[in-house]
Each structure stands twice: as C-alpha cells, then as structure tokens.
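A quick write-up on the structure given underneath.
The values are calculated or read from the model by the stated rules, or taken from the named source; none is laboratory data. Nothing here was measured: the structure is a model prediction, and the numbers come from that model. In this analysis, Cβ positions are derived from the backbone assuming ideal geometry, glycine residues included, and neighbour counts consider all displayed protein chains.
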Amino acid sequence: MDGTKTCPYCGRLASADAQFCQGCGRSISSPPQYAEQPAQQYNQPPQQGGWQQPPPSYGAPGQPYGQSYGGAKGQIAGAIQNRNVTDEVMSGIWILWPIFATVVGVILTVVLAIFIGLVGLVIGAVITLVLYCVLNYKLLKRMDEHRKREMALRMAIISYLKDKGAETQRAQLIVNEVSSLESINQEAMYKEKERTPVLWTIISLFPLLNLIVMYFLAEFPFDHDKRWHAFTQYTQAACQKLGINVMTPSWSTIKERPNILLLILTLLISPVAFIWYYFIIKDLNDHFQAQWQFEDQLMAQLR
C-alpha cells in the first residue's frame with residue numbers, strides 16, 4: 001500500500017517515514033538483520049544454533065552518564081535515557097482533578113447557557129466531560145509509553161547478556177537464565193497489549209465505561225511490576241555468573257489491590273473513586289522509582 005510499510009516484527013502497518021513501530025516499539029527505519037527465536041518456557045535452554053543477534057536500537061542512545069555505547073549497551077543506555085520522557089511521576093494532588101474539572105465545567109456550562117441557551121448547555125456539558133477525562137488520558141499515556149520503553153529495555157538486556165556470555169565464553173552458564181528472561185519478555189509482549197490512550201480516553205467519557213478504564217489502570221501496575229521483578233531476578237543471577245554485580249530487591253514493589261471491591265464501592269459510593277485514583281497514581285510511581293534504581297546499577301556496571 002502506497003505511503004505505508006509493515007513492521008517486520010509484529011506486522012503492524014506504519015507510515016512510510018515512521019522510525020519506530022507503534023505496536024511493539026522497535027525501530028523500523030531499516031530491515032532487521034536477524035531472525036527472532038520463538039518464545040521459550042522458563043528454565044529451558046534455547047534452541048541449538050547459537051545466540052540471536054541483538055535487535056535494532058530503540059531511540060538514539062545519546063551519551064547518558066557522560067559516556068557513549070554501541071550495540072546492546074547502546075540500546076540499554078538509550079532505553080534508560082528515555083525514561084526522562086516516558087516515566088512521569090505524578091503528584092497525588094491529581095486525585096482532585098475530577099473536582100476541579102467538574103467545578104470549572106459547571107461554571108462554564110452556566111455561563112454558556114446564559115449567553116447562547118440550549119446550545120451553550122450542550123457545549124458546556126461536553127467540555128466538562130473532556131476536562132474530567134484529562135486525568136485518565138495522562139494515566140493511560142504514561143502507562144503506554146512506559147510499557148514500550150521497558151519492552152525495549154528488556155530486549156536490550158537479553159542481547160547484552162548473550163553478547164557478554166559469548167565474549168567471556170560463559171554462554172552455557174547463563175542458558176537457563178537467558179531462556180527465562182526471553183519467556184518473561186514474550187509473556188509481557190503478549191499480555192501487555194497496546195491500549196491507545198486517545199481511544200480509551202474517549203471510552204472513559206461514558207460514566208460506567210469509565211469504571212472499566214479505571215479498573216484496567218489499577219490492574220496494570222501489579223502484574224507489570226511482578227513480571228519486571230522476575231525479570232530483574234534472572235538478570236541479577238545471569239550477571240553474577242558473568243562477574244557483574246547488579247543487585248535487585250528480593251521482594252516485589254507493589255502490593256495487590258482489591259480492585260474488584262474498589263470498583264463496586266466506587267459504583268455505590270462515588271467519593272471512593274478518589275482513593276482508587278490515588279492507588280493508581282501511587283503504584284506506577286513506586287514501580288518507576290524502584291526500576292530506576294535497578295537501571296542506575298546496571299548502567300554503572302556496563303563495560
């Protein structure tokens with residue numbers, strides 16, 4: 001089709017001048033130079049035939065920490081550097097946004113109704129809904145952007161470990177760890193599907209559907225953090241076998257929330273939504289900050 005091209009990794013269509021795929025986050029500015037292996041189960045060795053080549057980089061690595069890297073190191077550095085753009089730590093004060101949006105929207109609706117009658121009433125009501133959904137859009141956008149960044153980082157870490165294993169002739173020592181890392185990565189890519197922020201924000205304009213959007217936002221951090229925690233544990237184990245000292249906590253960052261109960265309570269008692277929004281904001285904030293600590297340790301050990 002003229003003006004478009006297909007991502008060689010996930011098959012999604014993109015514009016002809018696109019640099020990255022909006023579906024999987026990988027670079028599509030040039031054809032891939034390797035073939036990916038299929039997903040493998042945890043703790044099973046990869047297929048025979050040697051390690052696959054590292055995937056294309058996600059964004060330009062630049063010179064984070066005052067140093068420039070190439071290959072898998074550059075991909076790791078680039079993904080970590082991108083956290084300044086993707087991982088927005090939001091203040092808890094954002095839970096008051098629905099009140100602010102409602103107050104401003106009602107005032108605006110009254111003013112418009114006075115001057116232009118029924119049309120102004122309708123316009124004011126629409127503006128109120130749009131203002132109300134700004135918070136959902138911010139939450140959905142930061143979740144989706146972080147998902148893409150972390151996906152690129154996971155793939156870069158896997159490539160780095162394979163390269164380092166081959167370089168130090170210790171590849172066989174980390175076969176199980178790398179296989180588990182690849183399985184976790186494949187599971188995350190399958191379960192953490194793209195949720196277009198604009199589309200899901202439009203869905204949240206409808207009160208009952210907004211509860212579904214809130215439920216999805218609340219469920220994402222716990223499952224996502226649990227997978228990332230498992231990924232860092234296997235990364236730490238592989239690094240130790242390669243003589244690289246990278247430490248990660250032995251516990252997960254985020255507690256599981258009773259989101260079904262919160263959904264029901266919000267449906268029955270509207271103010272509970274403020275508590276729910278607080279958890280949604282806080283949980284992903286906590287995940288970001290814990291992940292950054294691991295990333296900083298990893299960057300310090302790259303060599």
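For the range 235-265, a residue qualifies if it is closer than 13 Å to Ala218 by Cα and of a type outside the set (A, V, I, L, M, F, W, C), and the qualifying residues are Lys255, Glu256, Arg257, Pro258, Asn259. Residues that are surrounded by fewer than 19 Cβ atoms within 10 Å (Cβ to Cβ), of a type in the set (A, V, I, L, M, F, W, C) and more than 18 Å from Asp296 (Cα to Cα) do occur in the range 246-253, at least one of them.
Pick from the range 114-154 the residues that are of a type in the set (A, V, I, L, M, F, W, C), under 24 Å from Arg227 (Cα atoms) and surrounded by 20 or more Cβ atoms within 10 Å (Cβ to Cβ): which of them is nearest to the chain's Cα centre (by Cα)? Only one residue tops the list, namely Met143. Anything in the range 191-229 that is in contact with a Ser or Thr (Cβ under 6 Å, 6 or more places away or on another chain), under 17 Å from Ala273 (Cβ atoms) and not hydrophobic (A, V, I, L, M, F, W, C)? List them, or say none. Once the filter is applied, which keeps residues that are in contact with a Ser or Thr (Cβ under 6 Å, 6 or more places away or on another chain), under 17 Å from Ala273 (Cβ atoms) and not hydrophobic (A, V, I, L, M, F, W, C), the range 191-229 yields only Asn210.
Within the range 82-108, the residues that satisfy the criterion of being at pLDDT 90 or above and not hydrophobic (A, V, I, L, M, F, W, C) are Asn82, Arg83, Asn84, Thr86, Asp87, Glu88, Ser91, Gly92. Screening the candidates Ala72, Ala79 for the property of being surrounded by 19 or more Cβ atoms within 10 Å (Cβ to Cβ), in a helix (DSSP H, G or I) and either at pLDDT 90 or above or not small (Gly, Ala, Ser) (or both) yields one hit, Ala79. What single numbered condition from (1) surrounded by 18 or more Cβ atoms within 10 Å (Cβ to Cβ); (2) more than 27 Å from Ala79 (Cβ to Cβ) fails to hold for Pro258? Condition not satisfied by Pro258: (1).
Looking across the range 186-236 at every residue that is of a type in the set (Gly, Ala, Ser) and in a helix (DSSP H, G or I), the one that is surrounded by the most Cβ atoms within 10 Å (Cβ to Cβ) is identified as Ala218. Given the condition touching a residue at least 24 places away in the same chain (Cβ under 8 Å) and farther than 30 Å from Ser159 by Cα, answer yes or no: does some residue in the range 235-255 qualify? Looking through the range 235-255, at least one residue is touching a residue at least 24 places away in the same chain (Cβ under 8 Å) and farther than 30 Å from Ser159 by Cα.
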